[in-house]
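J.: Supplied in structure tokens, the structure appears directly below.
The values are calculated or read from the model by the stated rules, or taken from the named source; none is laboratory data. Source: prediction; values computed, not measured. Reconstructed Cβ throughout: ideal geometry from the backbone, glycine too, with neighbour counts over all protein chains shown.
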Amino acid sequence: MADSKYYELYRRSSLGSSLTDTLDEFISNGGIEPQLALKILTHLDKAVADVLAEKVKARMTFKGHLDTYRFCDEVWTFIIKDIALKLDNTNSITAEKIKIVSCNAKRPGDPA
């Protein structure tokens, strides 16, 4: 049973995709059961969320052109083009396009 307390967003990161591919290979070869793979992915969801909440203290500012935005299932998604990012008042980094996904810290239905 998956722990619905954490979002599954990080499963689509490069780390999450690599882990998912590896787990799929283990399942295909009979090395692990699918239930164990789901438990491992649930631990990934929790570990990444906890580390980001506890360890990352950097701040970022950015300027760009909002291309697309969407709000679905309590999750905001923004596509920003021609963006300049500045992390903790350092030099700017530019990018052609980025995607920002923003979720509430508390999931709907969680106690306050």
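J.: Just to be sure I understand the filter: pairs with C-beta atoms under 7 Å, separated by 6 or more residues or on different chains, first member in the range 69-96 and acidic (D, E), second member not in a strand (DSSP E or B). Which pairs pass?
T.: E74/N104; E74/P108; D88/A58; D88/R59
J.: Quick one: in the range 39-72, which of the residues that are of a type in the set (K, R) and over 26 Å from A84 (Cα atoms) is modelled with the highest pLDDT?
T.: Let us first name the residues in the range 39-72 that are of a type in the set (K, R), namely 39, 46, 55, 57, 59, 63, 70.
This time we only want the ones that are over 26 Å from A84 (Cα atoms), so: 39, 46.
On the way: K39: 95, K46: 90.
So the residue we want is K39.
J.: Looking at (1) more than 15 Å from Y10 (Cα to Cα); (2) exposed (fewer than 10 other Cβ atoms within 10 Å of the Cβ); (3) within 14 Å of the chain's Cα centre (by Cα), which one does K55 not meet, given that it meets all the others?
T.: Going through the list (1) more than 15 Å from Y10 (Cα to Cα); (2) exposed (fewer than 10 other Cβ atoms within 10 Å of the Cβ); (3) within 14 Å of the chain's Cα centre (by Cα), K55 breaks only (3).
J.: Restricting attention to the range 85-105, report how many residues are among the acidic types (D, E) and part of a strand (DSSP E or B).
T.: Total meeting the criteria: 1.
J.: Within the range 83-98, is there a residue that is within 17 Å of the chain's Cα centre (by Cα), surrounded by 12 or more Cβ atoms within 10 Å (Cβ to Cβ) and closer than 22 Å to L9 by Cβ?
T.: Step one: filter the range 83-98 for residues within 17 Å of the chain's Cα centre (by Cα), giving 98.
With the extra rule that they be surrounded by 12 or more Cβ atoms within 10 Å (Cβ to Cβ), the set shrinks to 98.
Among the residues that remain, those that are also closer than 22 Å to L9 by Cβ are: 98.
Yes, the range 83-98 contains at least one residue that is within 17 Å of the chain's Cα centre (by Cα), surrounded by 12 or more Cβ atoms within 10 Å (Cβ to Cβ) and closer than 22 Å to L9 by Cβ.
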